[in-house]
Each structure stands twice: as C-alpha cells, then as structure tokens.
Amino acid sequence: SYAAKLERYRATVIAASLNGGPNRTASHFSAAAMHRIPMLNPDFSLVHFTSTTTGKHIKRGIIHQAALRESDIVVVDDTQVTSLARSVCDVARMGTLVQAVCVLDSGLHLGVTTAELDTQLKLLSRRRGIAMLRSALVLANGLSESVGETVSRVGLADCPLIPVPELQVEIEVELGGRRQTVRGD
C-alpha cells in the first residue's frame, strides 16, 4: 500500500540523513515524505538532499546544490528537512503538471499559504523546473481534499466546455427523514 511504501521511504531518509552531516538537508520528495505530504506517484527510489556546498549524484540519492534560508529548514522526527512550502515547490518543479498541482494542493490543504508559495517562486526563479511551478500554481487550490480530487479537477481543466468546478459546496439534503448538510464538488 502507499502508506507502507511511504513509511519505508521515510525510514530510508532518516537513515541516510544520519550519514550526511550537518550541511545536508533532506529535500524534494524526501522532505515531502517526511512531512507526509500527499503526492501523486512520488519517486521513492532516491533520497534527495540539498547542500550549500556541493551538488552531485550519490549511490541511491541526489544532492542538490542550493542555498537555503534558515526559515526553509525545519526538523521532522529529528531529521533536518526543508519547510512545507519549500518542499512542495521543489517537488512541483520535478514532475508533470498534474503531479505538481497535486503536491501544491496538498501543501495548501496542510496550511501552506499562497504568500509562502509566491515567496518560494521568487527564490527559485532561476532553478530548473520553474516554468512547471508557475503553471501549476495557477491551478492550485487548497480546497482539494485528496490527490484523486485534484487529478479530476486538472483533467476537467483540459476541457474548455466544462466549467471550473466549485469545491466543497455545502448542500442541504433530507436523508432518512432528517435534514443534513453534505459537501460535494
């Protein structure tokens, strides 16, 4: 199951971080997994770190060279990782449009603000994948409650004759003789 794969990958990230030294911060898919950010088809085959000193491929991992602000580094389960906002933006830069929108929606749903995403967009403006991040930010919406919901919404966006769906609309219905409020999209 996805949950089991996620937990195995998180254990791999924690173990790899113990060998990396203080100049490495788990980032990209690795940080997103540590934060338990829902993602669409994440690549759990490599561990990702960001280092200010060097960028290179290592056995079963990638070290991305980039400067991180102090506010972009947090600790999750005793492991130094990039912040929620930085993590979702790094993952969004690496995949397809639907993967990017899914991770951005997940981040927004978990409390990342659009202001934080805009700040990351500016900070990452010269990095690989920035065009994908820009395109995905236009479609991102924190009201999506699951990756599947985001996939459906992005698919509908490709159909110009279908209106943009309203998310989490409350509807009064009568069920079993009782009035109830339910939500739908």
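The values are calculated or read from the model by the stated rules, or taken from the named source; none is laboratory data. Remember, it's a predicted structure, so these values are computed and weren't measured experimentally. Please note: Cβ atoms are built from the backbone with ideal geometry, for glycine as well, and neighbour counts cover all protein chains shown. The area values use the complete protein model at the heavy-atom level, side chains included, leaving out ligands, DNA and RNA. Shrake-Rupley method; radii C 1.70, N 1.55, O 1.52, S 1.80 Å.
Where both residues lie in the chain, what percent of DSSP beta bridges are antiparallel, nearest 5?
Numbers: 17 of 23 bridges.
Antiparallel bridges: around 75 percent, rounded to the nearest 5.
Could you list the residues of the stretch 129-163 with an amide nitrogen less than 14 Å from a label point located 7 Å from the Cα of residue 169 in the Cα-to-C-beta direction?
Residues 162-163 fall inside that zone.
Any chance you could look up the accessible area of residue 171 with a 1.4 Å probe, heavy atoms only, rounded to 10 Å²?
80
For the stretch 73-117, report the % of Cα-Cα distances exceeding 17 Å.
The answer is 32 percent, as a whole percent.
Separation between the residue 43 and residue 69 pseudo-spin-labels, each 7 Å from Cα along Cα→Cβ, expressed in nm?
2.7
Would you mind giving the average projected area, over all directions, of the Cα convex hull of the chain in nm² with one decimal?
12.8
Taking a probe of 1.4 Å, how large is the accessible area per residue of the chain, in Å²?
55
What does the charge count around residue 93 come to, taking other residues whose C-beta lies under 9 Å from its C-beta (Lys +1, Arg +1, Asp -1, Glu -1)?
With Lys, Arg at +1 and Asp, Glu at -1, the neighbours total +1.
To one decimal place, what Kirkwood hydrodynamic radius in Å is obtained for the stretch 89-157 from all pairs of distinct Cα atoms?
11.7
Restricting to DSSP loop positions (anything but H, G, I, E, B) with no more than 10 other Cβ atoms inside 10 Å of their own Cβ, which GluC sites (Glu not before Pro) remain in the stretch 104-171?
Passing sites in the stretch 104-171 are 166.
So what does residue 2 come to for accessible area, using a 1.4 Å probe and Å² rounded to 10?
Rounded to the nearest 10, the figure is 100 Å².
What's the carbon and sulfur percent of the chain's accessible surface, probe 1.4 angstrom, rounded to a whole number?
On the chain, the fraction of accessible area on carbon and sulfur atoms equals 54 percent.
How large is the charge dipole for the stretch 41-185, taken about the Cα centre, if only the Cβ atoms of Lys, Arg (+1) and Asp, Glu (-1) carry charge, to the nearest 20 debye? Show your work: numbers first, answer last.
On the way: 15 positive and 17 negative charges, 165 e Å.
Dipole magnitude for the stretch 41-185 comes out near 800 debye.
Distance between Cα centroids, the stretch 77-113 to the stretch 119-155: provide it in whole Å.
9
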